[in-house]
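Nothing in this text is a laboratory measurement; each read-out follows from the coordinates by a stated rule. These figures come from a predicted structure and were not determined experimentally. Here the Cβ is made from the backbone with ideal geometry for all residues, glycine too, and neighbour counts use every protein chain on show.
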Amino acid sequence: YYTETGQKLNYSKDSIWNFHVWVECWMTRKDLGSDMDGWQVLDPTPQQRSNGVFCCGPAPVKAVKSQCIDRKYDIPFVYAE
């Protein structure tokens, strides 16, 4: 919240504007192996930290559908969500 003169008011510690974005992209995954190439899901909406960053993924759709929850990049979180 701000006044008419642009001074910040301390009414809330929440974000001023936060909206949910789900992103899907196609990429090669040399870090996870060629079996995980293809569509990836990402969620850049700040929910919880993943390796110090407020982001989720990129998680291979193949890993989520195959229940490969032992892989990196928040696959267990995406699977549960």
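Tabulated values for the structure
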| quantity | calculated |
| --- | --- |
| Net +/- balance of residues flanking CYS68 in space, Cβ distance below 11 Å, scoring K and R +1, D and E -1 | +2 |
| Total formal charge among the other residues, if their Cβ is under 15 angstrom from that of ALA59, Lys/Arg +1 and Asp/Glu -1 | -3 |
| For peptides 21-27, 57-63, 74-80, sequence by mean Cβ density within 10 Å, most packed first | 57-63, 74-80, 21-27 |
| Total formal charge among the other residues, if their Cβ is under 14 angstrom from that of TRP22, Lys/Arg +1 and Asp/Glu -1 | -4 |
| Relative packing of 64-72, 36-44, 2-10, which averages over residues the other C-beta atoms within 10 Å, highest first | 36-44, 64-72, 2-10 |
